[in-house]
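Engineer: Before anything else, here's the structure in question.
The values are calculated or read from the model by the stated rules, or taken from the named source; none is laboratory data. These figures come from a predicted structure and were not determined experimentally. As a convention, Cβ positions derive from the backbone with ideal geometry for all residues, glycine included, and neighbour counts pool all protein chains shown. Each accessible area value is taken on the protein alone, full model and side chains, heavy atoms only, with ligands, DNA and RNA left out. Shrake-Rupley method; radii C 1.70, N 1.55, O 1.52, S 1.80 Å.
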Amino acid sequence: MSKPFLTYEQQIQKLTVDKKLIINDTASAKAALENIGYFSLIGGYKTPFINPMTRIYEHTAFEDIFALYTFDRGLRELTFKYLCEIEQKIRQLISYSFCSQHGEQQVFYLTSSCYNLTKKNTRDITKLISILDYHANKNTEHAYLVHQRKVYNNVPLWVVINALTFGQSSKFYSLLPYNMQSDISKSYDHINEKNLERYLKNLTLFRNVCAHNERLYNFRLQVDFPDTILHLKMGIPKVGIQYTQGKRDYFGLVIAFRYLLSKESFKDYKKSLTRLINSYCKTSTRISKSKLLDTMGFPENWENITRYKL
């Protein structure tokens, strides 16, 4: 049977009477349900607090769930900030490499032979060109595109690429000829062109989680991040040949940031992340710091990540 619609008052009654959740301030709980929604708040963050067998909360207050939601919201905001920094750089690198070889005329990025035109890539190249053609010739939502079109009758790649999503920019990189991919990857120390492609694909998924306000702290990828020297130096354990942390979890993203951000940006990110984690642990004691870090895929020595050379 479908779950029935419940008013806010009925939602609170369900939580307190049926689920045994402690609600100390009914007005605040109702406001949170109005602003966030039962599914996003309770459904999204109940798991660490509810008994999986009885589906009853044990010694848990509404504030405990709200604190975890607030922590995750802060984590999304922090993560999104630095994902945008990486996105901006990769856009610039793609347009610079492409235009240094083909020039500023839009006809080239609208020509399939300028890409790695294999049978496998044909459909994706056609789709990408269709998106680029729309922005270059039809999009009226961005003033900078309209200006270039009207004044110069041409929209250079370094302009049009700003209208692409992170996922589209990632796909653009994956469809470039190998010499361009190699040229771009050289801007990142210790990352080859194939691993950069994997990083960009995975970062796109994390970006989507942040942009759509989905749960981030325990998000898991379907495809691994690359193995790195940091996995080895930090002594992350293995099961067989597979590292158990930093591969599909949030810590994998932390490692990616270590490689893709500047030293100063990563230092600022790590400082903010540490402060965010410590702040949550002071706000709510229902989840221990070690349990939280383990859920996020962090090893105990994660803060030593900046002590090791790449």
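Residue-by-condition table, conditions (1) of a type in the set (A, V, I, L, M); (2) more than 18 Å from ASN218 (Cβ to Cβ); (3) open to solvent by less than 40 Å² (accessible area, probe 1.4 Å); (4) touching a helix residue (DSSP H, G or I) at 6+ places or on another chain (Cβ under 6 Å):
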{"residue": "VAL17", "(1), (2), (3), (4)": "yes, yes, no, no"}
{"residue": "ALA29", "(1), (2), (3), (4)": "yes, yes, yes, yes"}
{"residue": "PRO48", "(1), (2), (3), (4)": "no, no, no, no"}
{"residue": "PRO52", "(1), (2), (3), (4)": "no, no, no, no"}
{"residue": "GLU63", "(1), (2), (3), (4)": "no, yes, no, no"}
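Engineer: Ok, one more. Hey, HIS59 hits all of (1) modelled with pLDDT of 95 or more; (2) more than 30 Å from GLU264 (Cβ to Cβ) but one; which does it fall short on?
Structural biologist: (1)
Engineer: Within region 224-259, count every residue that is open to solvent by 30 Å² or more (accessible area, probe 1.4 Å) and hydrophobic (A, V, I, L, M, F, W, C).
Structural biologist: Adding up the residues that qualify gives 4.
Engineer: Also, I was wondering about something else. Which numbered condition trips up GLN148, out of (1) without any contact (Cβ under 8 Å) to a residue 24 or more places away in the chain; (2) in a loop (DSSP other than H, G, I, E, B)?
Structural biologist: All conditions pass for GLN148, except number (2).
Engineer: Restrict the check to region 247-259 and report whether at least one residue is assigned to a helix (DSSP H, G or I), hydrophobic (A, V, I, L, M, F, W, C) and in contact (Cβ under 8 Å) with a residue 60 or more places away in the chain.
Structural biologist: Our first condition is that a residue be assigned to a helix (DSSP H, G or I); within region 247-259, this holds for 250-259.
Those left that are additionally hydrophobic (A, V, I, L, M, F, W, C): 251, 253-257.
Of the ones still in play, those that are also in contact (Cβ under 8 Å) with a residue 60 or more places away in the chain are 253, 257.
The answer is yes, given that some residue of region 247-259 is assigned to a helix (DSSP H, G or I), hydrophobic (A, V, I, L, M, F, W, C) and in contact (Cβ under 8 Å) with a residue 60 or more places away in the chain.
Residue-by-condition table, conditions (1) modelled with pLDDT under 95; (2) in a helix (DSSP H, G or I); (3) under 19 Å from ILE50 (Cα atoms); (4) touching a strand residue (DSSP E or B) at 6+ places or on another chain (Cβ under 8 Å):
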{"site": "LYS270", "(1), (2), (3), (4)": "no, yes, no, no"}
{"site": "ARG275", "(1), (2), (3), (4)": "no, yes, no, no"}
{"site": "THR285", "(1), (2), (3), (4)": "yes, no, yes, no"}
{"site": "LYS291", "(1), (2), (3), (4)": "no, yes, yes, no"}
{"site": "ASP294", "(1), (2), (3), (4)": "no, yes, yes, no"}
{"site": "GLY297", "(1), (2), (3), (4)": "no, no, no, no"}
{"site": "ILE305", "(1), (2), (3), (4)": "no, yes, no, no"}
{"site": "LEU310", "(1), (2), (3), (4)": "yes, no, no, no"}
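Engineer: Please go through region 260-300 and give me each residue that is open to solvent by 20 Å² or more (accessible area, probe 1.4 Å) and β-branched (Val, Ile, Thr), ordered by number.
Structural biologist: Once the filter is applied, which keeps residues that are open to solvent by 20 Å² or more (accessible area, probe 1.4 Å) and β-branched (Val, Ile, Thr), region 260-300 yields THR274, THR283, THR285, THR295.
Engineer: Right, next: Inside region 101-127, can you point out the residues that are open to solvent by less than 50 Å² (accessible area, probe 1.4 Å), farther than 18 Å from SER182 by Cα and of a type in the set (A, V, I, L, M, F, W, C)?
Structural biologist: Listed by number, the residues that qualify are LEU110, ILE125.
Engineer: Here is a follow-up. Name the residues in region 128-152 that are under 25 Å from CYS210 (Cα atoms) and open to solvent by 90 Å² or more (accessible area, probe 1.4 Å), would you?
Structural biologist: GLU141
Engineer: Tally up the residues in region 153-211 that are β-branched (Val, Ile, Thr), in contact (Cβ under 8 Å) with a residue 60 or more places away in the chain, part of a helix (DSSP H, G or I) and open to solvent by 10 Å² or more (accessible area, probe 1.4 Å), please.
Structural biologist: Kept after step one, since they are β-branched (Val, Ile, Thr), are these residues of region 153-211: 155, 159-161, 165, 184, 191, 204, 209.
Narrowing the set further to residues that are in contact (Cβ under 8 Å) with a residue 60 or more places away in the chain leaves 161, 184, 191, 209.
Then keep just the ones that are part of a helix (DSSP H, G or I); that gives 161, 184, 209.
When the remaining residues are screened for being open to solvent by 10 Å² or more (accessible area, probe 1.4 Å), the result is none.
Summing the residues that are β-branched (Val, Ile, Thr), in contact (Cβ under 8 Å) with a residue 60 or more places away in the chain, part of a helix (DSSP H, G or I) and open to solvent by 10 Å² or more (accessible area, probe 1.4 Å) in region 153-211 gives 0.
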